[in-house]
Every structure is written in structure tokens, then in C-alpha cells.
1. If I filter region 272-293 for residues that are over 25 Å from the mean Cα position of the chain (by Cα), touching a residue at least 40 places away in the same chain (Cβ under 8 Å) and open to solvent by 60 Å² or more (accessible area, probe 1.4 Å), do I get at least one hit?
2. For region 282-306, which residues satisfy the criterion of being farther than 23 Å from GLU252 by Cβ, out of contact with any Lys or Arg (no Cβ under 8 Å at 6 or more places or on another chain) and either of a type in the set (A, V, I, L, M, F, W, C) or at pLDDT 85 or above (or both)?
3. If you scan region 199-223, which residues turn out to be out of contact with any helix residue (DSSP H, G or I) (no Cβ under 8 Å at 6 or more places or on another chain) and part of a helix (DSSP H, G or I)?
4. How about region 307-321: which of its residues are open to solvent by 50 Å² or more (accessible area, probe 1.4 Å), assigned to a strand (DSSP E or B) and at pLDDT below 90?
5. If only one of PHE122, PHE154 is open to solvent by less than 20 Å² (accessible area, probe 1.4 Å), over 20 Å from the mean Cα position of the chain (by Cα) and at negative phi, which one is it?
6. When you check GLY299 against the structure, is it open to solvent by 60 Å² or more (accessible area, probe 1.4 Å) and of a type in the set (Gly, Ala, Ser), yes or no?
7. Evaluate region 245-258: report whether one residue or more is under 20 Å from LYS328 (Cα atoms), open to solvent by 80 Å² or more (accessible area, probe 1.4 Å) and in contact (Cβ under 8 Å) with a residue 12 or more places away in the chain.
8. Return the pairs, sorted by first residue and then second, in which the second residue is open to solvent by 60 Å² or more (accessible area, probe 1.4 Å), the first residue lies in region 189-207 and is hydroxyl-bearing (Ser, Thr, Tyr), the beta carbons are less than 9 Å apart, and the residues are 6+ apart or on different chains.
Amino acid sequence: MTTFESFCDRRLLGKLTTVDRFIVQGHLTTLMMKDGMKRWMSSQGVLLKDFGKWAKAIGDELVAHAKTFAADAGRPYEYHARAMTAARGLGKEDYARTIAERDGITDGLVCVLSFVEPCRGFDIRGNRKTHRLEVVQRDRKCLHIYFYFIDRDFGLMHVRLQTWLPMQIQVYINGREYLARQLARKGIDFERYENALTRIDDLRAAERLAEKFIHLDWPRVLDRLARRVNPVLNRWLKQGMLGYFWSIRQCEVATDLMFRDRNDLAELMPALRDAAIRTFSADDVMRFLGRKPNGNFKGEVCTDLKTRPEGCRVKHSIGRNSIKFYDKLSVLRI
């Protein structure tokens with residue numbers, strides 16, 4: 001047994017691997033097909049020259065629905081000029097959480113927040129060669145609406161709706177929040193610190209419950225959420241529109257090593273930090289993240305160390321793929 005293994009063997013309560021951050025993005029299949037937007041406009045009797053007016057009316061309908069949705073639930077609708085609620089020193093999720101805590105919300109809609117953010121959207125542009133109008137996609141900015149819910153199964157989550165065509169949608173769920181709710185429902189005792197589970201009485205049962213998360217009927221879950229926030233979709237589905245095509249945008253899978261107390265973990269962290277920074281080469285990181293080292297690689301392999309009052313975080317990354325570890329109270333998360 002290695003020194004690391006023997007050290008952990010004496011001090012570990014257990015370990016658990018689960019999905020943590022889970023972000024799914026939906027694209028309207030009909031509109032994303034070749035010439036799909038143009039054909040759909042034709043089916044709606046909309047001329048290319050009238051696209052801007054038509055798209056704005058759709059966006060206005062989505063905003064009106066969001067305001068009514070919030071009002072019917074007795075919850076706030078807020079527009080924020082900045083993408084983050086910087087004036088309060090909070091991110092969107094933390095801000096929604098403070099609203100839930102302030103108002104004692106434990107189930108259902110918490111709030112609806114809206115921000116102008118970058119997006120990829122449809123537009124009409126003149127073609128100089130053909131002297132005709134054509135449908136194009138371009139980078140732009142538009143209003144995005146965030147619906148924050150406390151769901152019976154998923155806890156605090158949000159649905160983000162783009163108000164400009166093609167009305168892309170994004171759903172954020174935390175797998176550990178799902179697991180905590182399943183444990184409570186099964187009567188399995190556990191302790192938690194923020195989104196980390198620091199102790200679980202029945203780890204085998206927890207592993208089985210965590211496994212269920214990836215086998216949920218996700219199309220049904222996601223389609224139900226889309227229909228709740230997008231009234232235009234409900235109307236278009238009746239007219240022959242194909243629904244959203246769902247794909248995973250981000251999925252973070254984490255293994256938590258649960259130590260008996262903070263001091264045991266704190267004793268180990270300096271050695272882990274130094275080994276991660278000094279031992280692993282760029283070639284090691286590339287191979288682990290599925291890239292074969294060769295002279296044609298044009299990207300960057302990054303190793304980043306951040307220290308915080310509660311501990312440290314080491315992250316190896318290539319583009320948007322990464323592996324990291326950090327300590328949170330008595331949990332080492334990898």
C-alpha cells in the first residue's frame with residue numbers, strides 16, 4: 001500500500017462519485033435544419049423583409065409570458081442591466097438563492113431574472129451577388145430570461161431562454177443536489193456543507209441513487225421544462241414544429257473523498273498541491289484529456305493554482321476540457 005493510500009485508509013469516511021454541474025442546451029430542430037428558418041417563415045406567412053418585426057414580436061411575447069408566469073406565482077421578475085448582479089457582489093445563482101432564503105421559498109418558482117447577453121441568432125442580410133435577401137446566423141446580443149426553480153427532485157435549478165430566434169434554451173441542474181434530496185427521501189442520514197456531502201451513513205445506497213441521475217428520462221424532463229417557459233413552442237408544436245434537440249453543454253463528474261475532519265485533509269493538501277504542480281507535464285495532461293501529443297497541436301495546456309481562505313484548487317486544462325481538485329471543509333473533490 002502506498003503512503004497516500006495508507007494515509008487515506010486511516011482517515012477516510014468513504015468516497016462517492018457523482019455528476020455535479022450538468023448543463024444541457026436545446027436547439028429547435030426545425031429551425032436548425034438547412035434552410036429551416038426560411039421554410040418555417042414561409043409556413044407562417046412571414047416575408048424575409050418582415051423578419052425583424054416578426055422576431056421582435058416573438059421576443060416580446062416571451063418576455064410578457066415570463067412576467068405573467070412570475071406574477072401568477074407571486075414571485076419577482078427583475079431586469080438587470082449587467083450580466084452579473086455585480087452591484088450586490090453575487091452571481092445569478094447566489095442571488096436567486098438569497099431571494100429563496102429571504103422569502104422562505106422551498107418549492108416552486110423562486111424568481112425570474114433577465115439580462116442582455118451575447119448569443120448566436122438569426123438575421124436577414126442582403127446578398128450582393130444575388131441581390132436577394134437571405135437568412136443568416138450571426139453573433140449578437142439579446143435578452144435572456146432565467147427562470148429559477150426549487151424543484152422537488154433537483155433542488156435549486158434554472159432554465160435560460162434566449163428571446164431572439166432561434167430561442168435556444170439551456171437547463172442547469174446540480175447532480176449533488178439531486179442526490180441529497182434522494183437521500184432525504186429514503187431516510188438516509190447525511191451531513192452537508194454547501195454542495196458537498198461530508199458524511200453519508202449508507203454509501204452503497206448513495207452510489208445507487210447517484211447512478212439513477214444519468215438514467216433519468218431526460219428528453220421528457222427537458223421537454224416539460226421547455227413547454228413551461230416558452231409559449232411560442234407550445235403553439236408551433238401544434239403547427240408541425242419539431243421540438244428541441246438536447247445536447248450536453250457541460251458535464252462535471254466529481255469524486256469526493258470524505259475525510260473524518262478538516263485537519264486530516266489539511267495535512268495532506270500541501271503534498272497533493274506540490275505533486276500536481278511539479279510532477280505532471282503537459283504531455284501527461286494531454287494524454288489524460290484524450291489528446292495525443294504531436295507537433296501539430298496549436299492549443300495551450302494550462303495548469304492553474306488558486307488559493308482561497310478555505311483551501312486551494314489545482315486545475316489542468318486544454319480548451320474547455322479540464323481536470324481539477326480542491327478541498328472543501330473535510331472533502332477532497334476531484
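The values are calculated or read from the model by the stated rules, or taken from the named source; none is laboratory data. Everything quoted here is computed from the prediction, not taken from an experiment. Backbone-built Cβ (ideal geometry, glycine too); neighbour counts: all protein chains shown. Keep in mind that these areas ignore ligands, DNA and RNA; they rest on the heavy atoms of the full protein, side chains included. Shrake-Rupley method; radii C 1.70, N 1.55, O 1.52, S 1.80 Å.
1. For region 272-293, residues over 25 Å from the mean Cα position of the chain (by Cα), touching a residue at least 40 places away in the same chain (Cβ under 8 Å) and open to solvent by 60 Å² or more (accessible area, probe 1.4 Å): present.
2. ASP283
3. Correct list: LEU203, ARG204, GLU207, ARG208, GLU211, ILE214, TRP218, PRO219, ARG220, VAL221, LEU222, ASP223.
4. THR307, ARG308, ASN321
5. Exactly one of PHE122, PHE154 is open to solvent by less than 20 Å² (accessible area, probe 1.4 Å), over 20 Å from the mean Cα position of the chain (by Cα) and at negative phi, namely PHE122.
6. no
7. yes
8. TYR193/LEU329; THR198/LEU13; THR198/GLU191; THR198/ARG192; THR198/LEU329
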